[in-house]
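*Asks:* First the structure, then my questions, so here it is.
The values are calculated or read from the model by the stated rules, or taken from the named source; none is laboratory data. Note that the structure is predicted; figures quoted are calculated from it, not measured. Positions of Cβ are generated from backbone atoms using ideal geometry, with glycine treated the same way; all protein chains shown enter the neighbour counts. What goes into the accessible areas is simple: the full protein's heavy atoms, side chains included, and nothing from ligands, DNA or RNA. Shrake-Rupley method; radii C 1.70, N 1.55, O 1.52, S 1.80 Å.
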Amino acid sequence: MAPTSLDRIVALQRNPANIRNLCILAHVDHGKTTLADCLVASNGIISNRLAGKLRYLDSREDEQIRGITMKSSAISLHHRNGDQDYLLNLIDSPGHVDFSSEVSTAVRLCDGAIVVVDAVEGVCPQTQVVLRQAWLENIRPVLVINKIDRLILELKLSSQEAFIHLQKILEQVNAVTGSLFTSKVLEERAEKEKKKKEDEKNEKEVETLTRDQVYDWSAGLEEADDSQLYFSPDQGNVVFASAIDGWGFSIQQFAHIYSQKMGIKAEVLLKTLWGDYYLNAKAKRIMKGAQAKGKKPLFVQLVLDNIWSLYDAVVTRRDKDKVEKVVSSLGVKLMSRDSRHSDPKVLLSAICSQWLPVSQAVLAMVCEKLPSPLDITEERVEKLMSVGARIFESLPEQTQELKRAFLRCGSEEDDPLIIFVSKMFVVDNKALPKNRQRPLTHEEIAQRRDLARQRHAEKLAADQTAAENPSAPPISGSMPQEGQPAEVSTAKMESLTLNDSKPQEEEEQQTFMAFARIYSGVVKKGQRVFVLGPKYDPAKGLSMLPVGCMASDCVPEVPHMSCCSMESLYLLMGRDLEELQQVPAGNVLGIGGLEECVLKSATLSTSPACPPFIPLNMEAMPIVRVAIEPKHPSDMPKLVRGMRLLNQADPCAEVLIQETGEHVLVTAGEVHLQRCLDDLRERFAKIEISASKPIIPFRETVVRPPKVDMVNEELGHQHKVAIHRVKEEAPQGRSSDTLHVDPSGLVTLTTPNRLASVSVRAAPLPQDVTSLLESSTELIRTLEQVNMSLREGRSVDVSPRTLEAIAGFKAQLESLLQGRRWRSAVEHIWAFGPRRYGPNILLNSVEGYQRPSVWQCLCRGGPPEAGAQTAFTRDLDNSIVSGFQLATLSGPMCEEPLMGVCFSLERWDVQSSAPPQHQDSVEEASVSHEAPADCKVQGSSETPAKAEGPVSGPSQARRRPEAPPPGCYGPVSGQLIAAMKEACRHAFQAQPQRLMAAMYTCEIMATAEVLGRVYGVLGKREGRVLHEEMKEGTDMFLIKAVLPVAESFGFADEIRKRTSGLASPQLVFSHWEVISSDPYWVPTTEEEYLHFGEKADSANQALKYTNAVRRRKGLYVEGKTVEHAEKQRTLGKNK
C-alpha cells in the first residue's frame, strides 16, 4: 500500500465519527513495538520485511540498543474497513515499570487501548498495572494475544494443549478486569447506601432503619451490566497473533471463510468457534460437549490445526512438496527469493502475511470495537473536570455547560476550544518540516547537471593548458582573476563568522513540543489561548475577568492562569512531523511554542470557565536520587539550564536543590536514571557531568522497648540502663543544669536565658496510624492551609467534600488511636510534621493550655478570647511548632526525617514577668517568629540561623544601654525553637531507636532451573520472599519479594547474569519498613557476651546504613582507623 498523503489525512480529521485514538499497552517485551511496526507497514511507511526488525516508533538510540521502548510515540494511520475510511491515531507506550509515567500520558489522550499479552508468559505484573490505568481513565480495551508461535516452536504444545492454554490466559485477563469492575460497583453501592442512610436520618427514621438491618453486597453486582466488560473471541474483541511472523486473526475471519466452504451460517460459526463445541461429521452438525466426549473443539479443528500444520511443513520439516500444496490451496503468490531463502521464517512470514495479515485483523477490530471521540461518556467527562476535592455539581454553571461541548466534540467556530497537554517532549530542529531537506524538482536537477558539466569542462581545459605550457603559472585557483582575492577573503571571513556563531546555534538545536489532544473546537496556527494551571479555580477566574473575555484581549492578572499563542501545529508521524494550519476536535497533535507556559502538563482553552483536568495517574513514584555536578565548575550554568530542560521533558523526573546546595535528580529506577543522565550529557546540558552514588532515603523512628535481647533471653532492667546511658551522655557539650532526662523518658530542657523550659516525651505511633498519615498528606496540607487562613482571620470557603474528607480522616485516626495512653489524643493534636504534613504528630498535653484545635474548620470556632498571659503564650506557640518541625525534619541518628513518632509536650513554662531587658526580645519575637514557620513549611534547615540572625542584632542594640547579663544569648522565640528541637531529639534518643528503609516490591518471573540462583541473589541483598506460584501450563514461576532500595542498585543486572537472562525483575516502590536491629546495640548480658564476643563486630545492617548516610553528609562516624596494629607493613619491605 502506498503511503497516505497529508491532504487525505487532513480530510479524515474532519470526521470525528471515523477517528480512533488508541494506545498499545503491555508488559515489557510482550511485542508492542513489533505489533506497531506491522500496523505502520500496512500504510506503506515502512517495508513489510522490516516490520518487527526496524522498531520504527523507537526513535531514540538507547531504545534501539536496549531493545525496550522508553517514551510514548504517536503516528496517524489510514485504514479502509468495508466502505468506510478511518483515521487511527496510534500511540506506542513503554512496558518497563520505570517508564509507567509515559503510559499515563498516553492513556489520557486515548479513547481505547490495545492490550498485548504474551501467549507464553500470560498476565504479568505490568499487564495488571496497564489494565488498571486504562480502567481509571475510562477507556475501552481490546486484547491481542501475541507470540503464539512460541507455543509451537518453544513449548512444543499440540493444538489441543494450546487451546486450553489460551483459554487460561483469557481467564487471567478477565479476572483482572473483573476485580476492577467489582471494586467500582461495591464503592458506588456503598456511596448510595451512605447517601440513603443520611437522607433517612434527616427524615428522623433512624429507629426503623437500625432495627435488623442486613447489607447485601451482591445486590449491586447482580444489577450492574458487565456484558461489554470481558474479553471473548466471539464478541470480536480478541485477536490471536504472532506479530514477528506477520500473522494474526480474529474468529470473525475464520467464521466468514468456513461459512462459504461448509455452508453454515456465519452467525452460528461465530458463536460456536470458541467454546466447548465440536463438528459431528456424520450428522454434519455442530454439537456441544467436545471435552466430555473427547472430541476436538471447533477452534482446534478448523483454526489451530491449519496453523500448526503450516509451521510443521515450513519450519520444522521444511517439506517443499507440502509447502507448494499449502501455497496453491491458499492462493498465495510467493516470490522465488522467498522460497529459496535459507531461513524458513522468511518463507513462513511471506505466506502468513498474505493469508492472515495481522494488521488487517487488528485494525478491523479497532475500527469496530473501540469508541470514537463522539462516544466519550458523561462519567469520563465529569471525572476529568472534577479536579481536587470538588464534585462536578459544585462547579460554576458556565463550567458545567462545557460538558455539552465535550460530548458534542464539535468543530464549529463558536465551539469553545479545549485542549489537554499530557507531556512536553523534545524534537531535534532538523526533524522540523521547515528544516527538512525537500526533494529537488526536474528543473533544479537539470541546472545542477549543467553546472557540474561546466566545471568538468573548465578543469579539462586548465589541465590541457598546463600540459602545453609547463612554465606558465596555473590559471585555476593559484592565479585568480582580479577581484578574486577579495572574494576569497570574504569567504574566509564568512566561514570564521559561521564558526563563531556555532556555539549559539548549538544551544538551540532542540525544540519543545506539546503532546496534546483536542476535546472541543478547532485550533488554528497562531491562536491565543488561556493556559490553566492545576490549581486554577474557574469560579475565581470568572469573577475576576470581564464577561466574554478572550485570550487575545488584554487580560487582568488571574492566579494560576496565563495566555500564550500556539506558534505551530504538527501531525505526529512517528519519527517525522508534518505542519498543519488547523486541527479540528477529536485529534491528537503536537503544538509548538508552549515551552514558556507549560512545564509538564496543562489544560488549554479559549474559555476561562474551563476547569483544569485532573492530574495524571502516575503509577511509578520517583525514589532514586543522585547528586549531579559538572566536571568543570565553569559549566555550572549549562548544567542548571540542562536540568531545567530535563525536568520539563520528562513527566516523571524531578529536579531539586537540597539545603546543602546539591543539584539532585530524582528518578523512578535505574534504567530511568541512566536515560536521564544520557539526556543531560548529550541533549540538554551537553557537558561532562559526574553523578554521585544513589542517595538512599531512610527514615528514623522509635519502637516499644523489646522484651527479649539479641539471644532471645528475657530482658530484666536493660531498658532502664539504656535510658541511664543517654542521660549521662546527653549533657556533654552543654551545661548539665539545662537538661534533665527522667527514667520514664521525659526530657526537660531549659533555654539558655532561663526564661522558658519545655518537657517532651516521645512515643511510637501505631503502624496503621503512620500509614494513614503517609497516605493523607494532601488532605493534611489542605487542613493546614485552612487553619492558617482561620488564624490570620481570613474567610475561607471549604467545599463540603473537603470537609467530609477531613471529618473521615479524623474519625479514622480516632478509631486507630485506641487505648488508655491515646485517650483524647486526636483532639489534642497540635501539629503534623515535618513540613506541617508529615507522618509525625505533636500533642498538646500542657495543663490549662487550650489552644485552637487543628480540627477547628469542622466546627468553625475562632480562637478564644484571652488575657495577657494567654496572648503571650499564643505568640510563642509558633516557636514550639517550628522547633518540632526542625526536629522531625532531621533526626539525631543520621539527620534523616522522622517517621511514626508522637511527641507529647507535657510542660511548658515561660516566665510571665520578664525583666526589662527581656521585653524587647519578647516584642521582637512576636514580630519575627512567623518567619521560621514560613521557612519550615519549605523544609529549610537554615531556619535557626534565619531566626536568630536578623532578630538578635536589633534587639541587642536596643538593650545595650541597659547592660543585659552575659547569659542572655538572644530573643525568646529563637531560643525556644532551639530548645524545643533539642528536647525532641533527646526524647527521641531516650527511646529504642530504629532506622527505616525504603522497600521495593520485587516481582520476578523465572524458570524452574534458575529458581535457586534467584533466591541466592535475593538472600545476598537482604531480600525477603513473600510467596511464589507456578504459572499453570508453563514452567515459569512468579516470585514476589521485598527488597531494600539501598540494595537494589545493580540487582537487575546481577540477576540476569546469574540466570543467563532467564529471569527479569520488576521493581516498584512499596513501603517503609523498620530494620529490626538496633544500630547502637552493644552486648550487655553474659549470654550476649558469650554469643557475640566482647567486640560484637558481627554485621549490623542498621549501623552500616547509618554510618554510610553520616559519611555522605560529612557527620562524625565512629570507626577504627587501624584494625590490626600488630605489625607495621611498608611498601619497601612487605613481609
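*Asks:* Which shape class applies to the stretch 588-703: rounded if a/c is under 1.5, otherwise prolate when a/b exceeds b/c and oblate if not, where a ≥ b ≥ c are the square roots of the Cα gyration tensor eigenvalues?
*Replies:* oblate
*Asks:* Which GluC sites (Glu not before Pro) in the stretch 985-1062 sit in a loop by DSSP (not H, G, I, E or B) and have at most 13 other Cβ atoms within 10 Å of their own Cβ?
*Replies:* Passing sites in the stretch 985-1062 are GLU1032.
*Asks:* Using R₀ = 60 Å, calculate the FRET efficiency as 1/(1 + (r/R₀)^6) where r is the Cβ-Cβ separation of ARG528 and ARG453; round to 0.05.
*Replies:* That pair, ARG528 with ARG453, gives E of 0.65.
*Asks:* Also: List the trypsin sites (Lys or Arg not before Pro) in the stretch 146-179 that DSSP assigns to loop (not H, G, I, E or B) and whose Cβ has at most 10 other Cβ atoms within 10 Å. Which are they?
*Replies:* LYS156
*Asks:* Treat each spin label as a single point 7 Å out from the Cα along the C-beta direction, and report the LEU1026 to ALA292 distance in nm.
*Replies:* 4.2 nm
*Asks:* Using 0.36 nm per residue of separation minus the Cα-Cα distance, give me the extension gain between SER329 and LEU440 in nm, one decimal.
*Replies:* In short, 35.3 nm is gained.
*Asks:* To continue, here is another question. Taking the Cα centre of the stretch 75-163 as the origin and placing charges on Cβ (Lys, Arg +1; Asp, Glu -1), which of GLN128, SER100, CYS110 is farthest toward the positive end of the dipole?
*Replies:* Selected residue: GLN128.
*Asks:* Multiply the residue gap between LEU858 and GLU191 by 0.36 nm, knock off their C-alpha separation, and tell me the result in nm, one decimal place.
*Replies:* 238.0 nm
*Asks:* Moving on to the next point. For the stretch 624-638, what does the Karplus curve 6.51 cos²θ - 1.76 cosθ + 1.60, with θ = phi - 60°, yield as ³J(HN,Hα) per residue in whole Hz, taken in order and with x for Gly and Pro?
*Replies:* 3J(HN,Hα) across the stretch 624-638, in whole Hz: 8, 10, 9, 8, 10, 9, x, 5, 10, x, 5, 8, 4, x, 5.
*Asks:* If you take the charge dipole of the stretch 572-651 about its Cα centre, with +1 on Lys and Arg Cβ and -1 on Asp and Glu Cβ, which of LEU604, ILE591, PRO633 is farthest toward its positive end?
*Replies:* PRO633
*Asks:* Now for a different question. Considering amide H positions built from the backbone, and no H for Pro or chain starts, which residues 5 or more places from ALA831, or on another chain, come under 5 Å of its amide H?
*Replies:* Close amide H contacts, sequence-distant or interchain: LEU842.
*Asks:* A further question on this structure: Say the cut-off is 28 Å between C-alpha atoms; which of LYS282/LYS320; LYS53/LYS271; LYS600/LYS638 go over it?
*Replies:* Table pairs above 28 Å Cα-Cα are LYS282/LYS320; LYS53/LYS271.
*Asks:* Take the Cβ-Cβ distance between ASP319 and ILE257 as r, set R0 to 30 Å, and report the resulting FRET efficiency rounded to the nearest 0.05.
*Replies:* Calculated value: 0.80.
*Asks:* Also, I was wondering about something else. Amide H neighbours of LEU765 under 5 Å, at least 5 residues apart or on other chains, H built in the peptide plane: list them.
*Replies:* When sequence neighbours closer than 5 places are left aside, the close amide H contacts are VAL901, CYS902.
*Asks:* So, taking all protein chains as they sit and a 1.4 Å probe, how much accessible area belongs to ARG132, in Å² rounded to tens?
*Replies:* ARG132 has an accessible surface of roughly 90 Å² with all protein chains in place.
*Asks:* At ARG340 and ASP463, where each label point lies 7 Å from the Cα along Cα→Cβ, what is the point-to-point distance in nanometres?
*Replies:* Between ARG340 and ASP463, the label points sit 4.1 nm apart.
*Asks:* Okay, next question. Going through the stretch 640-711, which trypsin sites (Lys or Arg not before Pro) have at most 13 other Cβ atoms within 10 Å and a DSSP loop state?
*Replies:* Answer by residue number: LYS707.
*Asks:* When the Karplus curve 6.51 cos²θ - 1.76 cosθ + 1.60 is applied with θ = phi - 60°, which whole-Hz ³J(HN,Hα) does each residue of the stretch 345-352 get, with x for Gly and Pro?
*Replies:* 5, 5, 5, 4, 4, 5, 6, 5
*Asks:* Give the long-range amide H neighbours of CYS23: residues separated by 5 or more places, or on another chain, with amide H under 5 Å away, using H modelled in the peptide plane at 1.01 Å from N.
*Replies:* ILE91, GLY112, ALA113, ILE114
*Asks:* Can I ask one more? With r as the distance between the Cβ atoms of GLU1086 and ARG132 and R0 = 41 Å, compute the FRET efficiency 1/(1 + (r/R0)^6) and round to 0.05.
*Replies:* 0.15
*Asks:* Given the pairs LYS383/LYS525; LYS32/LYS1020; LYS156/LYS295, which are separated by over 28 angstrom at their Cα positions?
*Replies:* Flagged as over cut-off: LYS383/LYS525; LYS32/LYS1020.
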